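Note sheet for the following structure.
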Amino acid sequence: MKQSAGLLPFKLPDLEVLIAHPGGPFWASKDAGHWSIVKGELHSGEDPSAAAVREFTEETGWRVAAGEWIDLGMITQRSGKLVRAWGVEEDFDVSTFSPGMFTMMWRGAMREFPEIDKVRWANPETARRLLQPSQAPLLDRLLDQIAPRMG
């Protein structure tokens, strides 16, 4: 079974989470219900937290500072893929987003596409509307964990 690991950055005091829209031609016209946390597949034997950092950097161009991570546990996506995630308090400037690229055959030619075509900060209500429904529990777990810090 395939496994992924990812990060759900958040910033305070007005809680917002960073979510990502998948790149490539299949996702171009899809919006609500198709956004995701930044995540990617684990390599064989790889530590999930190391994979989360690697994938986050590869897909956004940003480095995550060392610090306290909030373990959000694991979910199963509709595809059956297991996703392990952590919340991390960060404040990335979305204008500096630099996506990783992938190559695929599209309309008879090999073409390059961004792994993620856009990122945005969203309040919890907007994030819930935009995220893949199977990832909503990760948002809920983050909210439960940081509620005491929000006053």
Selection from segment 81-112 of residues in a strand (DSSP E or B), crowded, with 17+ Cβ neighbours inside 10 Å and not aliphatic (A, V, I, L, M) yields 84, 86, 87
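What are the residues in segment 42-80 that are assigned to a strand (DSSP E or B) and closer than 15 Å to residue 142 by Cβ, if any?
Matches in segment 42-80: 69, 70, 71, 72, 73, 74, 75.
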Scan of segment 29-41 for residues that are part of a loop (DSSP other than H, G, I, E, B) and free of Cβ contacts under 8 Å to residues at least 60 places away in the same chain, ordered by number = 29, 30
Residues satisfying the stated conditions in segment 10-54, i.e. open to solvent by 60 Å² or more (accessible area, probe 1.4 Å) and aliphatic (A, V, I, L, M) | 28
Index of the failed condition, residue 125 passing every other in (1) surrounded by fewer than 16 Cβ atoms within 10 Å (Cβ to Cβ); (2) at pLDDT below 95 = (2)
Members of segment 55-80 found to be within 24 Å of residue 145 (Cα to Cα), charged (D, E, K, R) and open to solvent by 20 Å² or more (accessible area, probe 1.4 Å), listed by number | 63, 68, 71
Picked from segment 61-104 (must be basic (Lys, Arg) and farther than 17 Å from residue 22 by Cβ), the residue modelled with the lowest pLDDT is 63
Output yes when any residue across segment 136-148 is within 17 Å of residue 32 (Cα to Cα) and of a type outside the set (A, V, I, L, M), and no when none is.
-> yes
Cβ-Cβ below 9 Å, separation at least six or inter-chain, first residue in segment 63-83 and basic (Lys, Arg), second not in a strand (DSSP E or B): which pairs?
-> 63/53; 63/56; 63/57; 78/132; 78/133; 78/134; 81/1; 81/2
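The values are calculated or read from the model by the stated rules, or taken from the named source; none is laboratory data. None of these values were measured; they are calculated from a predicted model. Neighbour counts are summed over all protein chains in view; Cβ atoms, including those assigned to glycine, are modelled from backbone coordinates with ideal geometry. Surface areas here come from the heavy atoms of the whole protein model, side chains and all, with no ligands, DNA or RNA. Shrake-Rupley method; radii C 1.70, N 1.55, O 1.52, S 1.80 Å.
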